[in-house]
Amino acid sequence: MTFEYAPAPESRDIAALKPSYRMFLDGEFVEGTGEPLKTLNPATEEVLTEVSTASIADVDKAVKAAHRAYDRVWSRMPGSERAKYLFRIARMIQERSRELAVLETLDNGKPIKESRDVDVPLAAAHFFHHAGWADKLAYAGYGPDPRPLGVAAQVIPWNFPLLMAAWKIAPALACGNTVVLKPAETTPLTALVLAEICQQADLPPGVVNILPGAGEIGAELVAHPEVHKVAFTGSTEVGKQIQETVAGTAKKLTLELGGKAANIVFDDAALDQAVEGIVNGIFFNQGHVCCAGSRLLVQESIAEELLERLQARIGTLRVGDPMDKNTDVGAINSAAQLARIRELTEIGDAEGAVRWTSSCPLPDKGYFFAPTVFSEVQQAMRIAQEEIFGPVLSVLTFRTPEEAIKKANNTPYGLSAGVWSEKGSRILWATQQLRAGVVWANTFNRFDPVSPFGGYQESGFGREGGRAGLEAYLNV
Amino acid sequence: MSDERLAVAKTYKLYIGGKFPRSESGRSYPVVDHRGAFLANASQASRKDAREAVAAARKAFPGWSAATAYNRGQVLYRVAEMLEGRRDQFIHEVMDAEGVAQRRAQLLVDTAIDRWVWYAGWTDKLATVLGGANPVAGPYFNFSVPEPTGVVAVLAPQVSSLLGLVSVIAPVIAGGNTCVVVAGQNRPLPSVTLSEVLATSDLPGGVLNVLTGRTAELAPWLAAHAEVNALDLCGAPESLRRDLEVTAAGTVKRVLRAPVAEPEWTITPDIRRLRALLELKTVWHPVGT
C-alpha cells in the first residue's frame, strides 16, 4: 500500500537569509580577512549566501579577545550570573526556533522535521541544562571549588551544526571558560545566528567568538599557544592529527570521533519495533551521524524475515526536499560526501556484498543518495569496518550471543551500539559486554543534555553532557 | 647478615603473565645503590618482552574487568597484607635504591602499604561516585556506569622506587584495567620484589606485568601498540614525552601527562588517576507498559 502525500513545504523566508554573513569576534560581527566562502543548499545546489571567513591573523585576534574576556570578566563573574546569561540564550533559541530550524535545513540538507524536532530543541535544552550547573559546580564531584581552564578552542562538524555548537559552548561557558568556535566549512550559518543570540543576550564581548573557515583555520586554532582547552567533534583521522598537535602542551583535550556502531537484533526481539529502530539508527540525518547504527547484526534464525520487513519499511521512506515536512531522508550535505558514499558502496559491490536500494524517486537536482542495504556482508569488508557516514546499512548475521558481541566489538571504534531483545537479562548482559560509550537498548539515537555521550577506543575520549561532561572544561 | 655464611643472592627477573621470565633478549644491566655500589643485575627487557607483556595484559583483561568490584577490592587488600609481611625487606630495598634514611624508608613503605588499602576500598565505590541515573526528558531509563579503559601502559616514576610505583599502578588495576609497567630504570629492584608480592596475592596472572630495563627503549613500542588503550607518561624522560604523546595519538590512546616534577607521593591522592582510566558507558532503555 502506498500513501500519497501532498507537498507540505516549510517557507524559506522564515530563515531570514541575509546576502552575506560575517564572523563574530569580540562581540562584533566583522569582516574576516580570509577568503569568503559561498555556502550551498545541498538539496538544490544553489548558493544560499556568502560568508566571510577567518584568516590566521583573525584566529589570533579571536583567541586574544577570548583571553581578555576570560581574565577581565567571565572567570571572575559569579556562577549565578553566568547561569543567567545561559538561561537567556536557551530562551532565545526557543524563541527563534522556527527560524533556526529552517536555516539549518537550508544549509545542511537535513529534513525540516528533524531540525525542528531534534536539533533546535536539543540545542536549547543543552543551554538550559548547563545554565543550572554554572553556580553548582561545587556539587559536581570535582572538589569544592573546581576552576575553569581558560580559552577553549572548539571545532565542530557539519552534521548537527547548531546542536554541536550548543554541546560545545554551553558546558564551556557554564564552567567559566571563554570560547573560540569554528563551525564546519559547509554549514556556518546557524552558528552565526547563535552568535547574534549571544549578542542579543548581552553576553560580554569576547566570551564567545565564532570563526567560519576551512580545516586549516581549525588546525591553526587548536595549535594556538594561548588556548588551554581543545574540543573536537569530527573524523577519527582529523582527531588523530589534533591529538598530535596538542601533544607536549598543557592543553586539555577531548575528542568525539567516528563510529561504526553495531545494532544487534536477537531472535526474541519485538521485530516491528526493531525495524523502526534500525531505520532510525541508520537513516536519521541521512546517516550523517557518528553514532549511526551502520552495522546491523541479526541473529541468523530471523535474518531473512527481518530483512524482508526492513526493506518493505525502507521502501516507504520519502527521500527528497528537506523543506517538505513529509520528508524522511534529506540531502547529502556536500558533493564531496556524496562522492565518498558512492565510492564506499562501489567497494561494497566489488567485495561481494549484495546491494539493495530503495526504489524511491530522487530529485533531479541536489545531492541525494537512496537508502541502501548491503546484505551478506563479511567482517573484513570495508563497508563493515569503515565509517560511510551516509544512508547505507551493512547487514551481518550471528548465531550465538557471544558471537554477536565479538563481531560488534571487532572495530577500532567504540562510540555507540544497539541491542534489541525482549529478555531483560540478555539486554543487561549485552550492554555490559559492548565496548561502546552509549548503548541503546530497544531504542536508538536518543540524546539528552543530562546523558553523557562519548566513545571508547578510537571513537575518542571525554564525555559531553551531564555531570561527567563538566570535567572536560574544569581544571580537575 | 651472618658472618659465617654467604647469603643466597636473588635473581631479579621480569614479571609477565604471572610468570618470572628473564628477558628473551638475554640482556641484563647492573643496578647500583645510591653510592654506586653494585646491588644486582636486572633483566633488560626488549621490545619483544614488552609485546609479550601487552599480550598477557590483554588476555587477562576480560577476566579482571568482569571480576566483581568486591573481589577486586579483596585482591588489592591482599596485596597490602603480603606487602606488610615483607615490610622489613622493602625498607632495606628502598634505602638501597633511593639512599634515604631508615625513618624515611619506613614512611615510604608504610605509605605504600596503606595506598593499596586505600585503593582496595575504592573498587566498589567508583560506580556510585562516578556513575548514576540521568533524568532524561523522555520515557527512558538512562544510567551511566564507569568501565575500565583496557590495557594501560605505565612508565613508573624514576625517583620513588616503591611508593611512586604503587601510586601509579594501584589505580590502574583498582578500576579493572590490566597493566604493563616499566619500572624506574635505575631503581628497579623494589619493583621486582613487588612482583613476588603480587604473584602471591591472588592477583590473576597478566593483570599486572612488570618490565625492568631502559624506559626510553621500551616506551615507544608501548606508545605505538594498538592493544594498549592508555599510556601514563609519569616516568617518561622529558625529551621523549612529546614524541610518545604523538605516537599515542596514532591509536587515540588516553594519555596521562607527566607531572612537572615527581610529586610528593606520601600525600593521599585524589581520584584523578582512577577517573582518567575509566570510560563512562551510558545505557538507554524505554519505559512503558
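The values are calculated or read from the model by the stated rules, or taken from the named source; none is laboratory data. Quantities reported herein were computed from a predicted structural model and do not represent experimental measurements. Positions of Cβ are generated from backbone atoms using ideal geometry, with glycine treated the same way; all protein chains shown enter the neighbour counts. These area figures cover heavy atoms from the full protein model, side chains too; ligands, DNA and RNA do not enter into them. Shrake-Rupley method; radii C 1.70, N 1.55, O 1.52, S 1.80 Å.
Please determine whether any residue of region B:75-90 is without any contact (Cβ under 8 Å) to a residue 24 or more places away in the chain and in a helix (DSSP H, G or I). So far as region B:75-90 goes, yes, one or more of its residues are without any contact (Cβ under 8 Å) to a residue 24 or more places away in the chain and in a helix (DSSP H, G or I).
In a residue-by-residue description of region A:44-67, the property of being more than 26 Å from the chain's Cα centre (by Cα), surrounded by fewer than 23 Cβ atoms within 10 Å (Cβ to Cβ) and not in a helix (DSSP H, G or I) applies to no position. Helices (runs of 4 or more DSSP H) fully within region B:214-289 that include at least 1 residues being within 12 Å of another protein chain (Cβ to nearest Cβ) and either open to solvent by 10 Å² or more (accessible area, probe 1.4 Å) or touching a Pro at 6+ places or on another chain (Cβ under 9 Å) (or both): B:238-249, B:272-276. Go through region A:123-145 and count every residue that is away from every other protein chain (no Cβ under 13 Å) and buried (at least 21 other Cβ atoms within 10 Å of the Cβ). Matching residues across region A:123-145 total 7. Among the residues of region B:140-153, just one is within 9 Å of chain A (Cβ to nearest Cβ), open to solvent by 20 Å² or more (accessible area, probe 1.4 Å) and either over 31 Å from the mean Cα position of the chain (by Cα) or at positive phi (or both), namely B:Tyr140.
Across region A:1-14, the qualifying residues are those that are of a type outside the set (Gly, Ala, Ser) and farther than 16 Å from A:Val193 by Cβ, and the one among them that is least open to solvent (accessible area, probe 1.4 Å) is A:Glu10. Among the residues in region A:232-241, are any within 11 Å of another protein chain (Cβ to nearest Cβ) and in a loop (DSSP other than H, G, I, E, B)? No, region A:232-241 contains no residue that is within 11 Å of another protein chain (Cβ to nearest Cβ) and in a loop (DSSP other than H, G, I, E, B). The set of residues from region A:111-122 being within 14 Å of chain B (Cβ to nearest Cβ) and in contact with a Leu (Cβ under 6 Å, 6 or more places away or on another chain) comprises just one member, A:Leu122.
Number of residues in region A:251-261 that are more than 8 Å from every other protein chain (Cβ to nearest Cβ) and of a type in the set (A, V, I, L, M) equals 2. Checking each residue in region A:15-33 for being within 18 Å of A:Ala214 (Cα to Cα) and either part of a strand (DSSP E or B) or open to solvent by 20 Å² or more (accessible area, probe 1.4 Å) (or both) picks out A:Ser20, A:Tyr21, A:Arg22, A:Met23, A:Phe24, A:Leu25, A:Val30, A:Glu31, A:Thr33.
Being more than 21 Å from the chain's Cα centre (by Cα), open to solvent by 50 Å² or more (accessible area, probe 1.4 Å), within 14 Å of chain B (Cβ to nearest Cβ) and among the polar types (S, T, N, Q) is not true of A:Ser359. For region B:102-139, the candidate set comprises residues that are closer than 19 Å to A:Gly469 by Cβ and either touching a Leu at 6+ places or on another chain (Cβ under 8 Å) or in a loop (DSSP other than H, G, I, E, B) (or both); within that set, the residue that is farthest from the other protein chains (Cβ to nearest Cβ) is B:Leu126.
A:Asn209 passes every criterion in (1) free of Cβ contacts under 8 Å to residues at least 40 places away in the same chain; (2) crowded, with 24+ Cβ neighbours inside 10 Å apart from (1). Note on region A:181-204: among residues that are within 21 Å of the chain's Cα centre (by Cα) and polar (S, T, N, Q), the one that is surrounded by the most Cβ atoms within 10 Å (Cβ to Cβ) is A:Thr190.
So which residues in region B:78-101 are closer than 14 Å to B:Ala120 by Cα and either in contact with a Ser or Thr (Cβ under 7 Å, 6 or more places away or on another chain) or open to solvent by 70 Å² or more (accessible area, probe 1.4 Å) (or both), if there are any at all?
Once the filter is applied, which keeps residues that are closer than 14 Å to B:Ala120 by Cα and either in contact with a Ser or Thr (Cβ under 7 Å, 6 or more places away or on another chain) or open to solvent by 70 Å² or more (accessible area, probe 1.4 Å) (or both), region B:78-101 yields B:Arg78, B:Val79, B:Glu81, B:Met82.
Looking at A:Thr39, is it farther than 20 Å from A:Glu104 by Cα and β-branched (Val, Ile, Thr)? Taking the combined requirement at face value, the residue does not satisfy it. Would you confirm, using the coordinates I've provided, whether B:Val75 is among the hydrophobic types (A, V, I, L, M, F, W, C), surrounded by fewer than 20 Cβ atoms within 10 Å (Cβ to Cβ) and at negative phi? Answer is no for this residue.
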